[in-house]
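Report on the following structure.
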Protein chains: 2
Amino acid sequence: MKVKRSTSHSSRRSSMRAMGSTRSVLSRRSQRTSRHSRTSVRATDEELNFEPPTKCHCQRCQMRFPTQQMIDERERTFKNEPAVLRAVDDQVDDVIQDLAQMVKFKSVSVEPKFLLESCLALDWVANRLANLKFKTYEHLIPDDPVNCFREPHQKVLFARYFSSPTKPTLLIYGHLDVLPAKPDCWLSDPFELVLKDGLAYGRGVTSGKGMLVGWIHAIECWLQVNEDLPINVKFIVDMLHEVGSTGLQDYVRAKSDFFLDVDYMVFDVNSWVNNDRPVIACSLTGWAYFGVEVRGANKSLESGLAGGLVFEPMIDLCHLMNSLVNDEHEIQIPRIENNVRRLTTPEWHLLESAGFRAYEYKEELYVRRLRHDANKVEVLQSRWCKPSLTMHGVEGADSRPACTRILPMQVVSKFSIRLVPDQDVEQIHCAVREYMMQIRNELNLGTSIAVHLIDYMEPICWSTESKLIKALMRAVGEVYQKDPITTQGIPVCLPIANVLCKLVKKPIILMPFYKRRDRHQQENECIEEDNLMRHTKSCASLLFELSFLRTKCKCDVINKYCNLRGVKEKLDADRGYDLPVPPKRNLLVSFFKLKHKENPAPMKAPKRNSVKKFLCFPFKMKKSSKKRPSAAPK
Amino acid sequence: MKVKRSTSHSSRRSSMRAMGSTRSVLSRRSQRTSRHSRTSVRATDEELNFEPPTKCHCQRCQMRFPTQQMIDERERTFKNEPAVLRAVDDQVDDVIQDLAQMVKFKSVSVEPKFLLESCLALDWVANRLANLKFKTYEHLIPDDPVNCFREPHQKVLFARYFSSPTKPTLLIYGHLDVLPAKPDCWLSDPFELVLKDGLAYGRGVTSGKGMLVGWIHAIECWLQVNEDLPINVKFIVDMLHEVGSTGLQDYVRAKSDFFLDVDYMVFDVNSWVNNDRPVIACSLTGWAYFGVEVRGANKSLESGLAGGLVFEPMIDLCHLMNSLVNDEHEIQIPRIENNVRRLTTPEWHLLESAGFRAYEYKEELYVRRLRHDANKVEVLQSRWCKPSLTMHGVEGADSRPACTRILPMQVVSKFSIRLVPDQDVEQIHCAVREYMMQIRNELNLGTSIAVHLIDYMEPICWSTESKLIKALMRAVGEVYQKDPITTQGIPVCLPIANVLCKLVKKPIILMPFYKRRDRHQQENECIEEDNLMRHTKSCASLLFELSFLRTKCKCDVINKYCNLRGVKEKLDADRGYDLPVPPKRNLLVSFFKLKHKENPAPMKAPKRNSVKKFLCFPFKMKKSSKKRPSAAPK
C-alpha cells in the first residue's frame, strides 16, 4: 500500500507557514523558566576557558517570529529531502563498508578481555561522528574500586550536533557491543561481514552495529546534500548495553545538561513481527524483580549435625516457590493478569501472520516442547503480551560446583515477573506479598519469610495517535512504501528505553529495525541488505519529519547551557557558522560580518545588545515587551 | 559404678604370659607376605642416602619367642601405668598452659587470611612432638594452580614414634584449626584461654585443640615415667579439618607407607549424650550427595525475550525438589527408612536422659520451632539416628546479589541425605532416581532431567564387643570411674573418620571427648577443666590398654619400609637406641657395641647376619628353620 506522499507534504507546508502564529504561550513559559535557570553548577570540562555570554531574556525568539533565513532554510530542507534519500541509495557500498568495519571489532561486552576492542570500536564511531561536525566526548564509567585504575576504561560516547535553537533535538541511543559468538556454530567468521544472496552475515548486524551504521549514513547524506541537519541531533553510544548499561544512572545524572534540550529519544528496536509490514511498537514491557527471603536460624549450620532437627529454609523456599507456578508454568498469584491490555483484532491478526515457526525454534534450542505448543497466537501472546514469571536463582545457598555440608540458614530466591501494559508495579507487589503470606500460613512454615521488591521498571505505553508517532509512520511508510502497523498490545522489551524514559522524561520513539529476535544468541545472524538500506533511509526521513514538529524553543536552555559552560564560541560552530573566531574581543565584529554577508538586512540590531540578540531575536523590542506582559498575560 | 580393675589386670597378665604360644600362624603369614614385599617404589625423601638393609625372612620374630627384654619391658609398663596417671594429675598446669598456647593461634581455616596462624600452630605442635622423640615431617598440600606458589603453604603434619616391631601402632588423627568466632558474641576474647568456675573458655577447647593437647600430655607423661611408650604412635595433624581436610585423599595415597604398619586409628569425638556417663559410639553416619539436573534449551535465554515461551528449568526444579519433602520436612522418597537400625531400649533411655533442652537451642538460634518439638527423644532421634535431607543450593542459576535477566537453562539442585547404619548408598541412590523419574512423569515436565550421585560415604558400624572396644571401655571406665555406654544406634558424624577408614582400611576407635555439640559455631565454647584432665588420662590409659592387644608383628612392614626408604639408622633411633651412628661403614660395629653394652648375652649371633638379626631374632636358626616349614605347616 502506497503512502499518499503529496498530502502529507502539503499538510506539513501549511503547518510550516502557521508557525509564527501560536507561540505566545510557549514563549511566555520559556520566559518564566528562564528566571530559575541560573543554578550554579560546577562545570567539569575544559570548556570553562570561555566566558559566559550575558543573560538571555527570551521575550521574543525566532520561533515566534521566524526570520526569512529560517523560512528559507526550511524550504531548502523540504526541497532537499528526496535528494537525501537518493543519496542514501548511492551510498550502499559505503554503508556495507562501514558495517564491515564495525563487525570486525570483537566488542563482546560480556567478556572483559574484549574491552579494548570495544574501546577501539567506540573510538571509530567517535571519529566517524567528529567528521560529521559532531562534538564528541567520552565519559569514563567507573568499574569497581579494584579495577578503576585499569586500562582501558569502560566508557560511553556523547556526541551532539547543534544546528539551531529553533529546531527540535533528537537523542539517538546506539550501542556497539554484541553478544558472544561461538565460531564453530557459524558458517562464516562471525566477526567478518559476509554478503551472500542479498544477506549480510555478521555478529551485531541485526542489533547495535547495524542500527548505528544506519544513523551515521543518514546524517552523512543530509550533510552532503543540505549542508546542515534538519534538526539538532545528540548521540549516546554505549559499549556496555548487553551487560545492562553499567553506570547509566550515574552518567545520566552527571551529564544532566546534555539531556536538557532533548525533545525526543529514539531507539532502534527489532519490532517487526513478519516480513510484510514494519511494526511501530508504542509500548515497552516492564519488570518487577522479587526476592523471597526465608530465614531459619541466625547462622548457617552443618547438615550432619543439625539436619533433621531444624526446619530448613531451602526446603521451605522450595515449597513457596513451587506455589508460585503450577505444573503448566502458569502463574498462580491471584489477580496477576487483571490489568493486562487485551489484544485488538488487528494485533491478533498480526500475531497470526508472524513469521514464527515453533518447530524451528524447538530444533534450534534442542527443546522438546514449548508452552501452548499447538497455537501460534497463544505461544506468541504468552511470550510477548502476557506477564511471565522467571526464577533466576537462589542467593545465600551453595552454588559452587562442589559438595559442601553447609545447611544454609538464610536464603533468598529471586524471581522476576515481566510486566506488560497496563500492569502496575505497586499492585503486583501487593498481590505477590499477600499471596506469599497466605501460602506461608497455609504451609504453617517453621521459618520466617519476607518478600522484597528488589528492582522494578513500570511498563510504558503511549498513544499511537500522537504527532510524533505520525511523523515516524510517515518516515517509515515513505521508505518502505507500506503503511506501518502501530501496536500498543505487543510491547517491546528494551530495558534501556524504560530507564532513559524514566530518567530523562522525554517522549520516545521506537524505530522499527528488524524482525523480533527469536533467540538471545543467534547463530549466523544476518539481515537483508535491502532492509539495511531502507532503515538508513527511514532514519534520514525521520530527521526530516521531526523537523516539522512543533517544539518549545531552546533559548532558555541555551542560556542555562551558556551559563553552565560558557561555551559561546562553541555554539557558533555548532550552529554552522564555521568562523575562525578570535576569542572575546572580536566576537561582535565577526558576528556582524556574518550577518551582513549571509542575511543582508533581516532586522536592525542595536550594537550594545549583540550577544543577546545572537541568542534570541530581537532584543531591540525588549523595552516595549517589558510593558506587554502586564497587558497580555490572562 | 566402679570398674573391677584387679580382674582386668590379672586377665591381661595371663594373656601376656601366653604370648609365646600361639604365634605360629601369624609368623607364617608374615613369612608369606614378606616374599612379595620388595616392590620397587621410588622414595622421595632425603632419607635415600642410606643403603637398604638385607632381606628379612622373619621365620621367628620376637613376638613368637619373646625375649626376656620384651617381657621385662611389659612388666615395667604394667607397673608404671598408675604412676603415669598420677603424673597426668600433676601436669594440670602444663596442660592448661599448653591449651592456652594453642588457643592463642587464630587458626581459622575458613578464612584464608589466618593461614599463617595455622602454620605457626602446626609448627608449635611439630616442635612439641619432636621434643617427645617423635620424628615429624610436613606434607605440603597443593592449594590450586593459582595459589600453589603462595607462601605460607597449607600443610599437614605427620609424626611417628617407633618403639618396637612387636608392639601395635596407633594412628591418632588431630586437628588444630577452628571455626570462626565473632568476638562480640563472646564474654571473653575467644582466642585467649579464660579459666572461670572450673571451666576453660576458648575457641577450640571442645574440638581439635583440646583433644590434641590431651594426647600430647598423655604421651609426655608416659615418656617421663616409663621412658618409652607402650605402643608405637603415629600422628596426623590437620590444619584444614573444618574446610573438609583438603588434599586428604592425595596425601594418604602419596604417603601410603606411613599407614603400612598402622593397626588402629583413633579419633576424639564429642559423643557424650549427657554429663553422667561417657558414650562410646560404634558407628558413623554416612551421606549421599545428589545433584538433580534439569535442562531446558541448549543455552541460557533472556527472561524478557523468551519468558512465557519455554518451560523454565528453575520452575521445574522447584516442582521436583518440592516433591522430595512434605510441609513437615519429612522425606517423601519411598523405602528411604527401610534399613534404618532401630534404637535399643538403652539407647532410648540414653536419649531421654540427654542434656538437651529444646528451648535453649531455639533461643540461641533465634528459631521459633524445631521439628518434633514436643518430644525430646523424637527430636534427638530425628537429629542423630534417622536419615535427613538437606538442600544445599542450586548450581548454574544466578546466585549473586544482583538483578540479572538471565533465564538459566541448565540448573542442578544439590541435596544430600544423611545416612545412618545400616542404610546402603546404592539402595538409596536407586530409590532417589526412581522417585525422581516417577515425579517427572507425573508432572509431565517439558524439560529433561538427570539424577547424579555426586559424592557419597557409606555409614559405618562396628561391633561393640570387640577386644578393641573393650580396651577402650577399660581405659575410659578406669579414668571416669563409670562404665561407659556403647552404642551403635546413635552414630557420630565425622566425615574424616569415614574417609580414613575407607582409605587406610584399619579398625577405628572413637574416643569420647565431650558432649555432642549442639551448634556448629558455639559462642563461649568451654569445657570443664576436670573433663580435660580426665580425657588426658584416658588417652594415657588407652595407650596402655592397646599394648595388650594381640596384633600382627611388623617385621614384614619394617622390611618393606627399609627397602622403600633404607632408613636403617633411623630405625635404631626410633627404637630408642640413641646412638651417634656413623653411616654405613661402622654400622655393624656400632651395633655390636650396643648389643654387648645393653643386653650382655642374650643370644649368640653370627657376624655375617647381624643386620637381619637386628630386625628379626634369631637368625642363627635360619638354616634349620628352612627345613621346618615343609614339615610343620599343615
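The values are calculated or read from the model by the stated rules, or taken from the named source; none is laboratory data. Because the structure is a prediction, the values reported are computed rather than measured. FYI the Cβ positions are ideal-geometry reconstructions off the backbone, even for glycines, and counts take in every protein chain you see.
Restrict the check to the stretch A:263-278 and report whether at least one residue is within 14 Å of chain B (Cβ to nearest Cβ), in contact with an Asp or Glu (Cβ under 8 Å, 6 or more places away or on another chain) and either part of a loop (DSSP other than H, G, I, E, B) or without any contact (Cβ under 8 Å) to a residue 40 or more places away in the chain (or both). No, the stretch A:263-278 has no match at all. Residue count for the stretch A:353-368, restricted to those that are part of a loop (DSSP other than H, G, I, E, B) and either within 16 Å of B:E312 (Cα to Cα) or within 9 Å of chain B (Cβ to nearest Cβ) (or both): 3. Please find, within the stretch B:426-454, the residue that is surrounded by the fewest Cβ atoms within 10 Å (Cβ to Cβ) out of those that are assigned to a helix (DSSP H, G or I) and of a type in the set (V, I, T). Out of the qualifying residues, it is B:I439. On the given criteria, is A:Q488 crowded, with 16+ Cβ neighbours inside 10 Å and out of contact with any His (no Cβ under 6 Å at 6 or more places or on another chain)? So A:Q488 passes the test.
Yes or no, residue by residue, for (1) in contact with a Pro (Cβ under 8 Å, 6 or more places away or on another chain); (2) not assigned by TED's automatic domain parsing to the domain that holds A:I231:
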| residue | (1), (2) |
| --- | --- |
| A:D257 | no, no |
| A:V294 | yes, yes |
| A:N298 | no, yes |
| A:C318 | no, yes |
| A:S323 | no, yes |
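Can you confirm whether B:V325 is buried (at least 18 other Cβ atoms within 10 Å of the Cβ), of a type in the set (A, V, I, L, M, F, W, C) and touching a helix residue (DSSP H, G or I) at 6+ places or on another chain (Cβ under 6 Å)? If you could, list the steps in order and put the result at the bottom.
Values: buried (at least 18 other Cβ atoms within 10 Å of the Cβ): yes; of a type in the set (A, V, I, L, M, F, W, C): yes; touching a helix residue (DSSP H, G or I) at 6+ places or on another chain (Cβ under 6 Å): yes.
Spelling it out, B:V325 is indeed buried (at least 18 other Cβ atoms within 10 Å of the Cβ), of a type in the set (A, V, I, L, M, F, W, C) and touching a helix residue (DSSP H, G or I) at 6+ places or on another chain (Cβ under 6 Å).
The number of residues in the stretch B:311-324 that are at the interface with chain A (Cβ under 7 Å from one of its Cβ atoms) and in a loop (DSSP other than H, G, I, E, B) comes to 2.
For the stretch B:149-178, enumerate the residues that are buried (at least 17 other Cβ atoms within 10 Å of the Cβ) and assigned to a loop (DSSP other than H, G, I, E, B).
Start the filter on the stretch B:149-178 by keeping residues that are buried (at least 17 other Cβ atoms within 10 Å of the Cβ), which leaves B:154-178.
Listed by number, the residues that qualify are B:F162, B:S163, B:S164, B:P165, B:T166, B:K167, B:P168, B:L176, B:D177.
Of the listed requirements (1) within 14 Å of another protein chain (Cβ to nearest Cβ); (2) surrounded by 16 or more Cβ atoms within 10 Å (Cβ to Cβ); (3) out of contact with any strand residue (DSSP E or B) (no Cβ under 9 Å at 6 or more places or on another chain); (4) of a type outside the set (A, V, I, L, M), B:R474 misses just one: (1). Evaluated against (1) closer than 30 Å to B:G291 by Cβ; (2) assigned to a loop (DSSP other than H, G, I, E, B), A:S413 falls short on exactly one condition, (2). Look at (1) touching a His at 6+ places or on another chain (Cβ under 7 Å); (2) touching a residue at least 12 places away in the same chain (Cβ under 8 Å) and you find that B:I428 fails only one, number (1).
In contact with a Phe, Trp or Tyr (Cβ under 8 Å, 6 or more places away or on another chain) and hydroxyl-bearing (S, T, Y): does that describe B:S164?
Values: in contact with a Phe, Trp or Tyr (Cβ under 8 Å, 6 or more places away or on another chain): no; hydroxyl-bearing (S, T, Y): yes.
No: the conditions fail for B:S164.
Which count do you get for residues in the stretch A:529-554 that are in contact with a Leu (Cβ under 6 Å, 6 or more places away or on another chain) and surrounded by fewer than 23 Cβ atoms within 10 Å (Cβ to Cβ)? Qualifying residue count for the region: 1. For the stretch B:179-210, the candidate set comprises residues that are part of a strand (DSSP E or B) and without any contact (Cβ under 8 Å) to a residue 40 or more places away in the chain; within that set, the residue that is farthest from B:R128 (Cα to Cα) is B:K196. B:C221 fulfils the conditions (1) more than 15 Å from the chain's Cα centre (by Cα); (2) at pLDDT 85 or above; (3) more than 22 Å from B:S541 (Cβ to Cβ) except for a single criterion, (3).
Quick one: in the stretch B:237-262, which of the residues that are in a helix (DSSP H, G or I) and of a type in the set (S, T, N, Q) is farthest from the other protein chains (Cβ to nearest Cβ)? Lay out the reasoning, then the answer.
Start the filter on the stretch B:237-262 by keeping residues that are in a helix (DSSP H, G or I), which leaves B:241-243, B:248-254, B:256-259.
Still in the list and also of a type in the set (S, T, N, Q): B:249, B:256.
Values: B:Q249: 13, B:S256: 25 Å.
Here the answer is B:S256.
So A:D327 ticks every box in (1) more than 36 Å from the chain's Cα centre (by Cα); (2) part of a helix (DSSP H, G or I); (3) facing chain B (nearest Cβ under 8 Å) but one. Which box is left unticked? Status for A:D327: all satisfied but (2). No other residue among A:I490, A:I469, A:I485, A:I449 is over 16 Å from the mean Cα position of the chain (by Cα) and away from chain B (no Cβ under 14 Å) apart from A:I485. The set of residues from the stretch A:407-420 being more than 7 Å from chain B (Cβ to nearest Cβ) and not polar (S, T, N, Q) comprises A:M409, A:V411, A:V412, A:F415, A:I417, A:L419, A:V420.
Between B:G308, B:G304, which is at positive phi, at the interface with chain A (Cβ under 10 Å from one of its Cβ atoms) and at pLDDT below 90?
On the way: B:G304 fails: at positive phi.
One residue alone meets the criteria, B:G308.
Considering the stretch B:369-386 alone, what residues qualify as being among the hydrophobic types (A, V, I, L, M, F, W, C) and either in a helix (DSSP H, G or I) or more than 7 Å from chain A (Cβ to nearest Cβ) (or both)? The answer is B:A374, B:V377, B:V379, B:L380, B:W384, B:C385.
Conditions (1) assigned to a helix (DSSP H, G or I); (2) on the phi < 0 side of the Ramachandran plot; (3) not basic (K, R), marked per residue:
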{"residue": "B:Y456", "(1), (2), (3)": "no, yes, yes"}
{"residue": "B:I469", "(1), (2), (3)": "yes, yes, yes"}
{"residue": "B:M473", "(1), (2), (3)": "yes, yes, yes"}
{"residue": "B:E478", "(1), (2), (3)": "yes, yes, yes"}
{"residue": "B:G489", "(1), (2), (3)": "no, yes, yes"}
{"residue": "B:N498", "(1), (2), (3)": "yes, yes, yes"}
{"residue": "B:L503", "(1), (2), (3)": "yes, yes, yes"}
{"residue": "B:K506", "(1), (2), (3)": "no, yes, no"}
{"residue": "B:E523", "(1), (2), (3)": "no, yes, yes"}
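When A:L389, A:L350, A:L343 are screened for being in contact (Cβ under 8 Å) with a residue 24 or more places away in the chain, away from chain B (no Cβ under 13 Å) and not in a helix (DSSP H, G or I), only A:L343 passes. Here the helices (runs of 4 or more DSSP H) wholly within the stretch B:44-133 that include at least 3 residues being at pLDDT 85 or above, not hydrophobic (A, V, I, L, M, F, W, C) and not assigned by TED's automatic domain parsing to the domain that holds B:H153 are B:68-90.
Here is a check on your reading of the model: is A:T404 within 8 Å of another protein chain (Cβ to nearest Cβ), buried (at least 20 other Cβ atoms within 10 Å of the Cβ) and of a type in the set (S, T, N, Q)? Don't jump to the end; show me each part of the working.
Working: within 8 Å of another protein chain (Cβ to nearest Cβ): yes; buried (at least 20 other Cβ atoms within 10 Å of the Cβ): no; of a type in the set (S, T, N, Q): yes.
No: the conditions fail for A:T404.
When the stretch B:279-299 is filtered for residues that are within 18 Å of A:M391 (Cα to Cα), at the interface with another protein chain (Cβ under 7 Å from one of its Cβ atoms) and either surrounded by fewer than 24 Cβ atoms within 10 Å (Cβ to Cβ) or of a type in the set (F, W, Y) (or both), the ones remaining, listed by number, are B:A297, B:N298, B:K299. Taken over the stretch B:71-107, residues that are buried (at least 23 other Cβ atoms within 10 Å of the Cβ) and farther than 15 Å from B:C221 by Cβ amount to 5.
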